[in-house]
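J.: Okay, here's the structure, questions in a sec.
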Amino acid sequence: MQNINATSMRVLDNRLWILDQQALPQQKNWYPVLTAQELIDHIRALRVRGAPLIGLTASLLLALLAAEGMSRAELTSALAHLLAARPTAVNLMNNLARMREALATADYIDAMGREALRLVEEDRGLCDAIAAHGATLVGPGSRLLTHCNTGGLATAGIGTALGVIRRAHQQGNVRRVWVDETRPLLQGGRLTAWELGELSIPYILICDAMAAGLMARGEVDAVWVGADRIAANGDVANKIGTYSLAVLARYHGVPFYVAAPHTTHDAACANGDGIPIEQRDAGEVTGVSGGFGSCRWAPENAEVYNPAFDVTPAALISAWVLDTGVITSDQVAAGVFRQSLVS
Ligand code: MRU
């Protein structure tokens, strides 16, 4: 397979490498990924994260394993295991459905290699298209608030919501980005802050709880977030804390935008109630750990509730910005998400 160089994944000499997103930005550790189980462990530990990136790394790994000589039966089993690695994000399922089709062909080794590369190339194009559509919604001098990390680290391209912010900044329209730290795993405080710094985009890091006060003072012009799954009625699953931002935005009259590729859309899922929400380890809430060290603050016997995602109802979303264009509430009410977005 040809070499691939993205912000947080590489293919070098037919080997997949991932940048450990748990340790960023304090440490920049690249790890080779040799087996499906290794990738599943990286995904569960959020060393590999971001809905698009997860689907792409899984597809590339399967293609590389096929080229190494893994049998069709072993590949089928590896694919099934990878499918379960991130239950909320539908990109993984969509990408692996295409890899399964390639696996079913006579020349599956070549077909899987071609399909995985196509998915990577497509993802870059999807990010660019989202950015182009989204930037039309960002007016001069905008102060934008974002949650979690939706940038180059989470995709093969420039990102989704963060890609929009990046494009709008290039167009001179971004005064500042308010970066939610994004508890419990601090993807905003560690990853988005790092990416914006690298891109010289002015940002101010805030605790998640500060968004309300900022909106009340009129300091937020729009909220931009990504998505793990968009249901047929327009409900959106995204990183925990997204729903609170949407409620706050509605109360304060601030537009709330969701940016995602069409591979995040799931027409088979009627509404947000049908989106499986991953529950995560209590240790992520009772303390912190990562490249910055570890510490526990909660009592030993503290009970914890730790869903990784929440669902924002369609009624709170101002527009869905996809690679296919900007989708309005009227279009959603008319059923645009009840069918496939691409022919
Ligand atoms: O658990 P994470 O850090 O992978 O959560 C990421 C998000 O919620 C993103 O908004 C989503 O996956 C889209 S990334 C382009």
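The values are calculated or read from the model by the stated rules, or taken from the named source; none is laboratory data. Here the structure is a predicted model, which is why all the values come from computation and not from measurement. Positions of Cβ are generated from backbone atoms using ideal geometry, with glycine treated the same way; all protein chains shown enter the neighbour counts.
J.: Take the conditions assigned by TED's automatic domain parsing to the domain that holds A222, more than 12 Å from the chain's Cα centre (by Cα), away from the ligand (no atom under 12 Å from the Cβ) and modelled with pLDDT of 95 or more and apply them to R176. Does it pass?
T.: yes
J.: What residue, of L245, L191, L186, is surrounded by 24 or more Cβ atoms within 10 Å (Cβ to Cβ) and under 15 Å from the mean Cα position of the chain (by Cα)?
T.: After ruling out the rest, the residue left standing is L191.
J.: A further question on this structure: Select from the stretch 334-343 the residues that are of a type in the set (A, V, I, L, M, F, W, C) and in contact (Cβ under 8 Å) with a residue 60 or more places away in the chain and write down the one among them that is surrounded by the fewest Cβ atoms within 10 Å (Cβ to Cβ).
T.: Filtering the stretch 334-343 for residues that are of a type in the set (A, V, I, L, M, F, W, C) and in contact (Cβ under 8 Å) with a residue 60 or more places away in the chain, the one surrounded by the fewest Cβ atoms within 10 Å (Cβ to Cβ) comes out as V342.
J.: Among the listed residues L199, L117, L144, identify the single one that is assigned by TED's automatic domain parsing to the domain that holds R296 and either surrounded by fewer than 24 Cβ atoms within 10 Å (Cβ to Cβ) or within 13 Å of the ligand (Cβ to nearest atom) (or both).
T.: L199
J.: Within the stretch 97-114, track down each residue that is of a type outside the set (V, I, T), more than 22 Å from T264 (Cα to Cα) and loosely packed, with under 14 Cβ neighbours inside 10 Å.
T.: A104, A106, D107 - these are the residues of the stretch 97-114 that are of a type outside the set (V, I, T), more than 22 Å from T264 (Cα to Cα) and loosely packed, with under 14 Cβ neighbours inside 10 Å.
J.: Mind checking which strands (runs of 3 or more DSSP E) fall wholly inside the stretch 274-330 and carry at least 1 residues that are under 14 Å from I230 (Cβ atoms)?
T.: Per the criteria, 309-312, 319-322, 325-328.
J.: Which ones in the stretch 33-87 are closer than 28 Å to G274 by Cβ and among the small types (G, A, S)?
T.: Passing the criteria: A36, A45, G50, A51, G55, A58, S59, S77, A78, A80, A84, A85.
J.: Residue under question is D323, and the condition is that it be charged (D, E, K, R) and under 30 Å from P255 (Cβ atoms); does it hold?
T.: Yes; evaluated as a whole, the condition is true for this residue.
J.: Right, another one. Does A227 qualify as being in the same structural domain as S329 (by TED's automatic domain parsing), within 14 Å of the ligand (Cβ to nearest atom), closer than 21 Å to T328 by Cβ and part of a loop (DSSP other than H, G, I, E, B)?
T.: Here the answer is yes, as A227 does meet what is asked.
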